[in-house]
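Everything on this sheet refers to the single structure shown next.
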Amino acid sequence: QVQLVESGGGLVQAGGSLRLSCAASGSRFSINVMGWYRRAPGKQRELVAAINSDGNTNYADSVKGRFTISRDNAKNTVYLLMNSLKAEDTAVYYCNAFVVHGTVDAYWGQGTQVTVSS
């Protein structure tokens, strides 16, 4: 069982920045993909950014050029640097991890609130 612990959420004014961190522990196998999803009230959870163990990344169109995802494989930690924040970025942000070892297992953090005031 993999546990994910998120930190870094909070309240920020539009145009400001935040950095989210997520540390994974307890995995029997290497974590192939780590990333961030977000859920705004009344909306479906959506992918924000993801990064695999080789450093390949993927971003939602809405955050390209503003957010940067990075990863420390040795620490099983993923980061999300969020710049030029907008009110529409307000959501609960969830860390996720995918472990591939014959089967594919997905794990999720409890979420951290990001609120951008306009």
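The values are calculated or read from the model by the stated rules, or taken from the named source; none is laboratory data. Quick caveat: nothing in here was measured; it's all calculated off a predicted structure. Virtual Cβ from ideal backbone geometry, glycine too; neighbours counted across all protein chains shown. The accessibility values were calculated without ligands, DNA or RNA, using every heavy atom of the protein model including side chains. Shrake-Rupley method; radii C 1.70, N 1.55, O 1.52, S 1.80 Å.
Structure data summary
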quantity	calculated
Options ALA23, ALA14: the member that is touching a residue at least 40 places away in the same chain (Cβ under 8 Å), open to solvent by 40 Å² or more (accessible area, probe 1.4 Å) and over 19 Å from GLU88 (Cβ atoms)	ALA23
Within the range 79-108, tally of residues that are among the charged types (D, E, K, R) and closer than 15 Å to GLY35 by Cα	1
Qualifying position, being outside any loop (DSSP other than H, G, I, E, B) and under 15 Å from VAL99 (Cβ atoms), among VAL5, VAL33, VAL12	VAL33
Hits in the range 48-70 (condition: assigned to a strand (DSSP E or B), within 19 Å of SER84 (Cβ to Cβ) and either of a type in the set (Asp, Glu) or out of contact with any Ser or Thr (no Cβ under 7 Å at 6 or more places or on another chain) (or both))	VAL48, THR57, TYR59, PHE67, THR68, SER70
Search result, residues across the range 95-106 that are open to solvent by 40 Å² or more (accessible area, probe 1.4 Å) and either part of a strand (DSSP E or B) or in contact with an Asp or Glu (Cβ under 9 Å, 6 or more places away or on another chain) (or both)	PHE98, VAL100, VAL104, ASP105, ALA106
Residue match in the range 73-94 (condition: farther than 18 Å from ARG19 by Cβ and not in a loop (DSSP other than H, G, I, E, B))	yes
Every residue from the range 28-84 that is at pLDDT 95 or above, over 15 Å from TRP108 (Cα atoms), hydrophobic (A, V, I, L, M, F, W, C) and open to solvent by 50 Å² or more (accessible area, probe 1.4 Å)	LEU81
